[in-house]
Amino acid sequence: MNAYTLLIAVVLGLGLLPSLQATRVLDTEKPEIGGGHLPTKLSLSSYYFRGKSTVITWDGKALQLEKSVGGKTTRKEKITPSEKSWKKFWKEMDAIGIWKWNEKYIDERYADGHSWDVLLEYGDKQIHAIGRNMYPARFERYEKAVLELLGEKVK
């Protein structure tokens, strides 16, 4: 367990995070149904040195989104994607070949910059990949698919 993971575990364990500020249901007709397309595990994070961070986790019913800038939470939201959104997301994960990504993409020359972590488990597929200032092919498509799953407008 690295120091950052330990810090998150301590913060969560001590209940130091404020309660969720917002809830968005992307499919108002069937908010809790993702069909057979719900993940077993999902934990996605993106951190910029002394800057912004985004953490998305699956709690078994909804996505928990937390964005921070300079260590201060700027947005917390509980998001329930529709079945259609999940289908589209998994189709894109297959298309970009995420299940074949390496475990690490780390540029050892720099300790700061952009760090990211992807943990996905869906059906019989799973991936856990981390990176720092280095990215697998099609990483931009992965980021776009995540934004779309969150219901964000993507150009």
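The values are calculated or read from the model by the stated rules, or taken from the named source; none is laboratory data. Because the structure is predicted, anything quoted here is derived from the model rather than measured. Neighbour counts run over all protein chains shown; Cβ positions are idealised from the backbone, glycine included. These accessible areas exclude ligands, DNA and RNA; they are computed on the full protein's heavy atoms, side chains included. Shrake-Rupley method; radii C 1.70, N 1.55, O 1.52, S 1.80 Å.
Before moving on, here are some points about what is shown:
- Per residue, the stretch 71-127 exposes 60 Å² of accessible surface when a 1.4 Å probe is rolled over the protein heavy atoms with every protein chain present.
- Charge tally in the Cβ shell below 14 Å around Ile96, where Lys, Arg are +1 and Asp, Glu are -1, Ile96 excluded: +2
- Set of aspartates and glutamates with alpha-carbon distance to Lys144 below 12 Å, sequence-local pairs under 8 removed: Glu92, Glu152
- Solvent-accessible area of Arg138 with every protein chain in place, 1.4 Å probe, in Å² to the nearest 10: 120
- Using a probe of 1.4 Å on the protein chains alone, the accessible area found for Leu150 is around 0 Å².
- Pairs beyond 27 Å (Cα-Cα), from Lys61/Lys153; Lys72/Lys125; Lys52/Lys84; Lys78/Lys104; Lys61/Lys84: Lys72/Lys125; Lys52/Lys84; Lys78/Lys104
- Shown are Thr80, Thr73, whose ranking by accessible area with a 1.4 Å probe and every protein chain present, most to least, is Thr73, Thr80.
- Intensity falloff of the stretch 63-155 expressed as log10 I(q)/I(0), Debye formula with alpha-carbon point scatterers, at q = 0.12, 0.15 Å⁻¹: -0.44, -0.69
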